[in-house]
Structure formats: structure tokens, C-alpha cells
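K.L.:
For reference, the structure I am asking about is given below.
What follows draws every value from the coordinates through simple rules; no lab data is involved. Not measured: the values here are computed from a predicted model. Glycine gets a Cβ as well: all are built from the backbone with ideal geometry, and neighbour counts include every protein chain shown.
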Amino acid sequence: MITGNTSLLQRSLQAVWHPCTQMKLHAAQLPMIPVARAEGMWLYDLDGKRYFDAISSWWVNLFGHGHPGINAALKDQIDRLEHVMLAGFTHEPVVQLSERLSALTDHHLGHCFYASDGASATEIALKMSFHFWRNSGQQNKNTFVGLQNGYHGETVGALAVTDVALFRDAYAPLLRQAATVPSPDWRLTEAGESAEAYAHRCADVLELYLQEHHAHTAALIIEPLVQCAAGMAMHHPAYLRRVRALCTQFDVHLIADEIAVGFGRTGSMFAHEQAGIEPAERPDFLCLSKGISGGYLPLSVVMTTDTIYQAFYADEVTRGFLHSHSYTGNPLACRAALAVLDLFEENNVIAQNRAKAEVLRQKSLELAQHPRVQNFRQQGMILAFDIEHDDPVFSRRFYTAALQQELLLRPIANQLGQDAKARTVHTVYFMPPYVMNEDEMNLLVSRTLKVIEHLTR
Ligand SMILES: *Cc1c(COP(=O)(O)O)cnc(C)c1O
């Protein structure tokens, strides 16, 4: 029984170990918000206070909380089939979802392997890539390349290709070393250098790396267009085009981690589509999660090509892909994902998002021009800017000040540049559900300005 705000907080702090959190901070400064219900853009706490979900609850929500269409689909599904194991059994939602996802890649990525979280999707892609080369008699191709500041999840395998010091350093002794190449993050351009020129400069470094190391490299993993956890670091699509060509040239798999940027977030259904590549040049592996179920249920998928699939198709069990997960292809989660795809089709969401992103950009001009705002940037429905501040915990102070303005914003502290030139910036970003209307945009921008004024006065 929940008997009130205070007691739920106390019970949560006693019994729940919260993610990405130094729990002791909650004893004094850091608020804990007990959410009772949510609707559209808004979260409501037990006292009826409300919070505007400007970051889609860690980037998962696409169409607002409590969406009637997704709710109805789940209510229908729960009376039919809640779950059945996927080994030796199948069901309509998982088959339909696989077919429809495949169609979204022009059937180039026609084989779907499911899990429940993003980190597992990364693990699956890494394992599949390695196992493909092993089945093809190239055991030596067993290392991976990632990008500086890349984020691919925090299980021990995924952390090996994640390059965010805060998440990685404590566990470094547990991790199998992967190579990192420079990030094409355009905030790192030299004076007078364009984002595109910098993208090519970074691709040149990758080219040198692959020339030397391709014989033992299984795959390169990348977050196309936006490295989200790195502080919404954005790059020019020319980089993706080069990466695709280099991976083909050097016989290295390309893993596109679109766990955060997939499903319309960047202005196309999948971010890699903006690389201007032919359908047949799609990534060898596409990892999806987060928005796939509209932010309702844990679900992830790795999609891959027939070439990869065929290398596992054999008489021997050990040549098959070995990865067992109890809830693989859960019918409820798949049904939520189908409802999400219905919404994309019925409402022409990609075109609508492009128009909406432009409105949001115009409404954010005052923010972009604020003297404390640096590196204002946008890619579709992700808008971000940096604030430089001496206080190392400025991001956390921004978060709590924003809550007082009814905004859920969670800035990311990140290091720009290397060695002597390195400096810490605090990246404030909007990554809202796509259903945000113009009044809500006005509210978001005006209150964000208030928070900046309040904290930097
Ligand atoms: C969030 C994220 C992951 C990890 O997903 P989880 O479901 O949190 O494990 C992996 N890659 C990217 C790009 C992400 O943003």
C-alpha cells in the first residue's frame, strides 16, 4: 500500500537500488520523484505536482505517456497471449514485427534476433559478427573498433566497446580491450574547418587503422549521426558514407547501434539512411531498442543480412547462433512495437517530425543566441547545447533547478577535446516525445531559459 509521498520515498531508498545514481546523494540534495501516473508529455507525482518529460524518460518514449492506441493493443494482446518461449514456438506478433521491420530496410536486413535491452542487442551483434567469421574460417577476426566517446550499453561485453570514462573506468580490468578511433563530433573541428572536412579527417584515421588491423577486426560499431550518451555529439553524414565504404573494402562488419537514434528520432526512420547509401549498403547489423515499444516494454532486436544468416545455417548445432534469453520476442512487447509502427504509418510521423523539428528550431532561437549557450545543435527531434561552468556538478544543479520549473531535463557533463585542450561542458538537450505541440514547445523553451538565467546570473 502506498500511503503517501514521504513514505514511498523512504521505502524506495531502503529497498530499491536506483540506476546511474550515487544513492547517498538522495539522502541530502538529490530529489526522488514518486510518479503516480503519466499522460502525454506529463508525469504526475503523488502530490499532483507535474513534470514535463522533455527527455522521453531516457529516450524511450515516442508518442507520449498513456497513448490510447498502444494501450488498446496491449489490452487486446494480454487476453490472447502474454508470453511463450520462442525456441520451438512462434506467434503472430513476433512474426509480423519481424516482417514489418524487414520491410523498413527494403528487406535487406531480413533476419531479426530479439532480446530485451539495448546492451544485450550490442552483445548479440558482437557475438554474431565474431561467430560469422569463425564459421567462415576466419577465427582471427575477433576484435572490435568503436568510436571515441561511443556508448553501446553497460554489460561487460557492451562496455568493452563503450568509451565513456565514468561508466567504464571502474570496470576496466573486466573488459576485453577494443580499439577506439577519433569521434567525428563536429564540436572538435579546428577553427575554420567544416563538420564535413572534420568527418573526412576522422575517416582517414579509421582508414589507416583498418589498413593495418583488418585481418583481426570483426566489426566496427557506431551510433549513426548522434552519439547520444557522449553529450548529443553530432557528426556529418559523410562520415557514415566513408565508414560504410571502408568496412566493405576491408571486410569488416558494420554494426549500426540505432538503439537511441532509430525510429524517426533524427529525421529519417533510421539514422543511417541519411548517409546517402544504396539499400544494399545498409549496415551488416542494425541494433534497435528504446523507442521500439514506444517506451512501454523492454524490447530490443538485432537485424541482419541473409549473408550473415546463411553462415550459421548448417547441420551442426554449434554453427548455429548461441544466445538464449528467456523473454526473447515477448508477445506483449512485440505487440506494443506493432502499435508503434501503426502510428508511424497512420500519421506519417517522419514527415511530421521534420516539420516539428523546424518549428522547435525556430522557437529555440533565443536559446541559441543566449550568451551562455555554446554549440547549439539539432538533428531532427534532438536539440542540444553546451554550457561551460566551473562547477563540476553543474549538470546536477541544472537538473534540480529544472524540476522546480516542472521540467525533466538531465544534462550530461562531458569532456571536449584531449589532454591540455580538454574542458568539461554541460550538455543540455531536448529529446521529447514526438507528440509535443507548439504550446508545449513554448513552455519548454521559456522555462529552460529561466533555469539558465537562474543558474548563471
Ligand atoms: C541506451 C543505449 C544503449 C543501451 O541500452 P539499454 O537498454 O540501456 O541497455 C546502447 N546503445 C545506445 C546508443 C544507447 O543509447
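K.L.:
Can you figure out the FRET efficiency of THR307 with HIS216, using R₀ = 30 Å and their beta-carbon distance, to the nearest 0.05?
P.N.:
After rounding to 0.05, the efficiency reads 0.90.
K.L.:
Give the peptides 103-115, 186-198 in descending order of average Cβ contacts within 10 Å, highest first.
P.N.:
103-115, 186-198
K.L.:
Based only on other Cβ atoms within 10 Å, what is the fewest-to-most ordering of SER120, SER7, SER102?
P.N.:
Arranged by neighbour count, lowest to highest, SER120, SER7, SER102 become SER7, SER102, SER120.
K.L.:
Shifting gears a bit: By counting other Cβ atoms within 10 Å of each Cβ, how are VAL261, VAL145, VAL164 ranked from fewest to most?
P.N.:
Neighbour counts put them in this order, fewest first: VAL164, VAL145, VAL261.
K.L.:
Here's a follow-up. Taking the Cα centre of the chain as origin and charging only Cβ (+1 Lys, Arg; -1 Asp, Glu), how large is the dipole, in debye to the nearest 20?
P.N.:
1000 debye
K.L.:
Using 7 Å Cα-to-Cβ label points, what is the HIS107/GLN177 separation (nm, one decimal)?
P.N.:
About 4.6 nm separates the two model spin labels.
K.L.:
Further question on the same structure: Quick one: which of 89-95, 233-239 comes out on top by average Cβ neighbours within 10 Å, and what's the full order, highest first?
P.N.:
Most protected by this proxy first, the peptides run 233-239, 89-95.
K.L.:
List the residues, sorted by chain then number, that are 5 or more residues from SER300 or on another chain and whose placed amide H is less than 5 Å from its amide H.
P.N.:
ALA115, SER116, ASP117
K.L.:
How would TRP17, TRP58, TRP42 line up from fewest to most surrounding beta-carbon atoms within 10 angstrom?
P.N.:
In order of increasing Cβ crowding within 10 Å: TRP17, TRP58, TRP42.
K.L.:
Under a 5 Å amide H to amide H cut-off, with H placed in plane at 1.01 Å, what residues pair with HIS253 once short-range neighbours are removed?
P.N.:
Hits under the 5 Å cutoff: ALA219, LEU220.
K.L.:
Mind checking which of LEU166, THR180, ILE259 is farthest towards the positive end of the stretch 71-347's charge dipole, using Cβ charges of +1 (Lys, Arg) and -1 (Asp, Glu) about the Cα centre?
P.N.:
Going by the charge dipole, the pick is LEU166.
K.L.:
Search the structure for amide H atoms under 5 Å from the amide H of ARG410, placed 1.01 Å from N in the peptide plane, and list their residues when 5 or more places away or on another chain.
P.N.:
TYR429
K.L.:
Per residue of the stretch 22-31, in order, report the coupling 6.51 cos²θ - 1.76 cosθ + 1.60 (Karplus, θ = phi - 60°) as ³J(HN,Hα) in whole Hz, putting x for Gly and Pro.
P.N.:
7, 4, 5, 4, 6, 5, 10, 8, 7, x
K.L.:
In nm, to one decimal, how far is the ILE33 label point from the ALA355 one, both placed 7 Å along Cα→Cβ?
P.N.:
3.0 nm
K.L.:
Now, a different point. Helix-only mean residue ellipticity at 222 nm, the chain, DSSP H runs n ≥ 4 weighted -39,500 (n - 2.57), per residue, nearest 500. What is it?
P.N.:
-11500 deg cm²/dmol
K.L.:
Further question: Please name whichever of SER98, ALA245, ASN330 sits farthest to the positive end of the charge dipole of the chain, dipole taken about the Cα centre and charges placed at Cβ: Lys and Arg +1, Asp and Glu -1.
P.N.:
The one lying farthest along the dipole's positive direction is ASN330.
K.L.:
Under a Cβ-Cβ cut-off of 10 Å, what is the net charge of the residues other than GLY146 that fall near it, where Lys and Arg count +1 and Asp and Glu count -1?
P.N.:
-3
K.L.:
Dipole of the stretch 65-173, Cα-centred, from +1 at each Lys and Arg C-beta and -1 at each Asp and Glu C-beta, to the nearest 20 debye?
P.N.:
320 debye
K.L.:
In the neighborhood of ALA402, defined by Cβ-to-Cβ distances under 10 Å, what is the net charge if each Lys or Arg adds +1 and each Asp or Glu adds -1?
P.N.:
Result for the neighbourhood of ALA402: +3.
K.L.:
A further question follows. Roughly how many debye, to the nearest 20, is the charge dipole of the stretch 187-300 about its Cα centre, given +1 on each Lys and Arg Cβ, -1 on each Asp and Glu Cβ, and no other charges?
P.N.:
360 debye
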